[in-house]
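Reviewing the structure listed below.
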Amino acid sequence: MAPATPLHPLEPLTADEIQAAVALVRTDKGVGDRWPFPVVTLHEPARAMVLAYQPGDSWNREAFLVLLDNETGNTYEAIVSLTQQTITRWTHLPDIQQHHGRRARSL
């Protein structure tokens with residue numbers, strides 16, 4: 001079930017929305033517990049949508065995530081539609097490397 005919709009499009013993600021976004025990526029992409037998510041934040045809607053927003057309007061609520069594969073060192077970005085419960089973008093970032101001194105911890 002999707003988390004409750006906030007009152008304004010620019011409100012930060014709630015803890016429930018963060019958990020829902022991470023769970024969706026883990027399920028749909030088969031990402032295990034050894035993949036940390038160092039960034040999970042609001043993917044802001046287009047400026048025009050925000051400027052035209054009126055209380056009661058609906059919008060597509062999205063989360064932006066960065067994931068690290070500790071086994072391969074690969075980094076990925078994802079955008080998750082919390083409204084539609086789908087991953088709308090999944091991008092491998094080939095030129096990004098993790099810090100090799102320590103491994104990131106999982107959420």
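The values are calculated or read from the model by the stated rules, or taken from the named source; none is laboratory data. Note that the coordinates shown come from a computational prediction; the quantities given were computed from them, not determined experimentally. A quick note on method: Cβ atoms are made from the backbone with ideal geometry, for glycine too, and the neighbour counts reach across all protein chains shown.
Out of TRP35, TRP59, report the one residue that is under 16 Å from the mean Cα position of the chain (by Cα), at pLDDT below 95 and assigned to a loop (DSSP other than H, G, I, E, B).
TRP35
Is it the case that region 88-103 has a residue that's touching a Ser or Thr at 6+ places or on another chain (Cβ under 9 Å), surrounded by 17 or more Cβ atoms within 10 Å (Cβ to Cβ) and either at pLDDT 90 or above or of a type outside the set (S, T, N, Q) (or both)?
Looking for residues that are touching a Ser or Thr at 6+ places or on another chain (Cβ under 9 Å), surrounded by 17 or more Cβ atoms within 10 Å (Cβ to Cβ) and either at pLDDT 90 or above or of a type outside the set (S, T, N, Q) (or both), one finds none in region 88-103, hence no.
Which residues, counting only those in region 69-91, are of a type outside the set (Gly, Ala, Ser), within 13 Å of the chain's Cα centre (by Cα) and not in a loop (DSSP other than H, G, I, E, B)?
Those that are of a type outside the set (Gly, Ala, Ser), within 13 Å of the chain's Cα centre (by Cα) and not in a loop (DSSP other than H, G, I, E, B): TYR76, GLU77, ILE79, VAL80, THR86, ILE87, THR88, ARG89, TRP90, THR91.
Taking only pairs six or more apart or across chains, which ones have beta-carbon atoms under 6 Å, a first residue in region 54-83 that is among the acidic types (Asp, Glu), and a second residue that is surrounded by fewer than 14 Cβ atoms within 10 Å (Cβ to Cβ)?
Every condition considered, the pairs that remain are GLU77/THR91.
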